[in-house]
Amino acid sequence: MRLKSYLQSHKTYIIAEMSANHAGSLETALRLVEAAKEVGADCLKTQIYSADTLTIHCDRTPFKIHEGLWAGQTLYSLYEQASMPWDWHQAIQKKCREVGIDFLATAYDTRSVDYIISLDIPAIKIASFEIVDIPLIRYAAKSGKTMLLSCGMSSSEEIRNAVNTCFREGNHDVILLKCSSAYPADPSELNLNTIPNMKRVFHLPVGFSDHSLGTVSSVVACTLGACIIEKHFCLDKGQQTADSAFSLSPPEFSQLVRDIRLAEAARGVVSYGCTDAEKQSMIFRRSLFAVQDIKEGEQFSENNIKSIRPGYGLSPKYYDRIIAKKSPRFIHRGEPLTESDLEGNLT
C-alpha cells in the first residue's frame, strides 16, 4: 500500500470512493476500478455492509429519512439500494491488483472487519457514523491494521475516545479524517482550518473525506496539510445512484488529482532566499548606479547616484554609507557602483 510511503514523503494519498456508484452492476464496479487508475487515484475504496448489518427493515418514523438527497426513503431501502454483494469485493480487489491501484474498504460491523482481514486489506476505515461505536473500533483495532477514523459530527472528546480505544489495543497506526457528514456538504461548514489543529491536538496524521461539490475544498485541505483526500467517484453523473449527486466524474477526478499535485508542489517546504528559478531574476533588483558622470574625487550625492534597476551594482543598503563621500575613480553615467567604490572611496 502506498499510504505509508506517502506519509513519509508528505505526498497526498488520493482515494476514489466507489460507495453506491457501482449502481448494482459488478461490470460497472470493475470499470470504476480501471477509471480510478486512469484518472490518477492512488486507491479505490468500497464499503462492506448490507441493509441488515446497518439497520432493521422498519418504516416507523425513526427509520425514515425526512430531509436531504434521500428524503422519503427508509434507512433500510437506502442501504439495500446502495450496498453490493460481499463477494464482489474479491473481484474488485483482484482488478485493483491487475491495474496497479490500492484497495481499501470501510467496515461497519465485526463481520465486515473479519471479511477485511480475510482479504488481507492493509487498513480499515471506520465511517463517521460509526466513530461512536467503541466496541466496533476496539474489535477492528485488534487486527493491528491501519485505522482510518472519519470524524464527521464528532466532538473532540468523541475523537479522543475512539483514538484511545485503538491505543489501548496496542494499535497506534491511526489516521484521522476531517469530514462534514452532510450530503452534499456546504463548503462554509467544512471548517478546514480544523485540520492543522487536529494534527496538533491528537499528534496524528489527518486527512479529509470530502462530500462537498467540486474540487476546491479538497485542494484547500491539501494545502492545510491533509495527508489523505477521499472523494466519491462515479463513471457518469447521468447514471443516478445514492451518491452520484456529490461524486466526481472521471474528467473532474482527473482535474482533482492534477490540482492536488500542483498544490503539493506549491506547498513545498519552509524556505527563505533565492530559489534556482529566481536566480535569473536577481538582475531586476535595485542597486546603486551612477546617473551622471562622476569625476574622481567628486562627492557622491543624490543627484549623481540612485538606487535603480538592474541589480548589477552595489546593494542599496550602502546608500547612506557612500553618500557625501568622494569617488575613488571616474564613473560613467549608467555604470554600477562597486564594493571598491565603497571601501576605497576618498574622504
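Open to solvent by 20 Å² or more (accessible area, probe 1.4 Å) and of a type outside the set (G, A, S), is that true of V163? Before the answer, list the steps.
Details: open to solvent by 20 Å² or more (accessible area, probe 1.4 Å): no; of a type outside the set (G, A, S): yes.
In short, no.
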Out of the residues in the stretch 272-292 meeting the condition of being under 23 Å from K325 (Cβ atoms) and open to solvent by less than 100 Å² (accessible area, probe 1.4 Å), tell me which one is farthest from the chain's Cα centre (by Cα). Q292
Please verify whether K11 is part of a loop (DSSP other than H, G, I, E, B) and either over 28 Å from L136 (Cα atoms) or open to solvent by 10 Å² or more (accessible area, probe 1.4 Å) (or both), treating the condition exactly as stated. yes
Could you tell me whether the stretch 247-265 includes any residue that is at positive phi and open to solvent by 30 Å² or more (accessible area, probe 1.4 Å)? no
Of the conditions (1) over 19 Å from T28 (Cβ atoms); (2) at pLDDT below 95; (3) in a helix (DSSP H, G or I), the single one that Q81 does not satisfy is (1)
Subset of the stretch 108-130 (residues that are part of a loop (DSSP other than H, G, I, E, B) and in contact (Cβ under 8 Å) with a residue 40 or more places away in the chain): Y108, D109, P122, A127
Unique residue being assigned to a strand (DSSP E or B) and of a type in the set (G, A, S) when the list is A91, A105: A105
Wholly enclosed strands (runs of 3 or more DSSP E) of the stretch 228-347 bearing at least 2 residues more than 30 Å from M84 (Cβ to Cβ): 287-290, 305-308
Go through (1) over 18 Å from E130 (Cβ atoms); (2) within 30 Å of the chain's Cα centre (by Cα); (3) open to solvent by less than 30 Å² (accessible area, probe 1.4 Å) and name the single condition L78 misses. (1)
Within the stretch 212-227, can one find any residue that is open to solvent by less than 20 Å² (accessible area, probe 1.4 Å), among the aliphatic types (A, V, I, L, M) and in a loop (DSSP other than H, G, I, E, B)? yes
Given the condition outside any helix (DSSP H, G or I) and free of Cβ contacts under 8 Å to residues at least 24 places away in the same chain, answer yes or no: does some residue in the stretch 23-30 qualify? yes
Just the residues that are open to solvent by less than 60 Å² (accessible area, probe 1.4 Å) and of a type outside the set (V, I, T), please, taken from the stretch 86-96. W86, W88, H89, A91, Q93, K95, C96
Residues that are open to solvent by 30 Å² or more (accessible area, probe 1.4 Å) and closer than 24 Å to K37 by Cβ, drawn from the stretch 101-116: Y115
Mind counting the residues in the stretch 192-211 that are in a helix (DSSP H, G or I) and either open to solvent by 50 Å² or more (accessible area, probe 1.4 Å) or not aliphatic (A, V, I, L, M) (or both)? 7
Give the number of residues within the stretch 36-78 that are free of Cβ contacts under 8 Å to residues at least 12 places away in the same chain and either part of a loop (DSSP other than H, G, I, E, B) or touching a strand residue (DSSP E or B) at 6+ places or on another chain (Cβ under 8 Å) (or both). 7
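The values are calculated or read from the model by the stated rules, or taken from the named source; none is laboratory data. Please read these numbers as outputs of a predicted model, since none were measured by experiment. Note that we place each Cβ from the backbone using ideal geometry, even for glycine, and neighbour counts take in every protein chain shown. Heads up: the accessible areas ignore ligands, DNA and RNA and are worked out on the full protein's heavy atoms, side chains in. Shrake-Rupley method; radii C 1.70, N 1.55, O 1.52, S 1.80 Å.
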